[in-house]
Amino acid sequence: MVKKVLTENEIGTMLLEAAFEVHSRLGPGLLESAYKKCMVYELNEMKLKTVEEVQLPLNYKGMELNCGYRIDLLVEDKIIVELKTVDKFNDVHLAQLLTYLRLTNNKLGYLLNFKSSKMKYGIKRVVNKL
């Protein structure tokens, strides 16, 4: 059986379903690492390829440098997910995700803040030439 190739938007919809499920079961107040493990579980249950802590080298003048950057979640090799447990998003969170999208040539990313009282307030969809 051939697996259907999903678009970024289809994957994004599934990703948000997983985030709502995790947040509704756990609520706010836990460590980012707990939400990350639960998100991986939910996404794997949806049969989405999900990789945690993806190393992101920096290419500078043709030289690949390991500067310690890591993507929280990479879903289906298409969507970058950065998880947060902060009072509110700030400009550096958006800049981080935009930079990761540019460095990887990915088109879609999500900032998910699990400290929000309701998950719908903790979602920021970020596009790079989508």
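Coordinate-derived values only; no laboratory data. Remember, it's a predicted structure, so these values are computed and weren't measured experimentally. Cβ atoms come from the backbone with ideal geometry, glycine included; neighbour counts cover every protein chain shown.
Summary table
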| item | result |
| --- | --- |
| Exposure rule at most 13 other beta-carbon atoms within 10 Å, DSSP loop trypsin sites (Lys or Arg not before Pro): the chain longest free segment | 5-46 |
| The chain: relative contact order as a whole-number percent, Cα under 8 Å and 6+ apart | 23 percent |
| Computed label-point distance, nm, for sites residue 10 and residue 86 using a 7 Å Cα→Cβ extension | 3.3 nm |
| Only Lys, Arg (+1) and Asp, Glu (-1) charged, at Cβ; the chain dipole about Cα centre in debye | 260 debye |
| Cα-based radius of gyration of the range 56-119 once divided by 2.2 N^0.38 Å, which approximates compact folds | 1.21 |
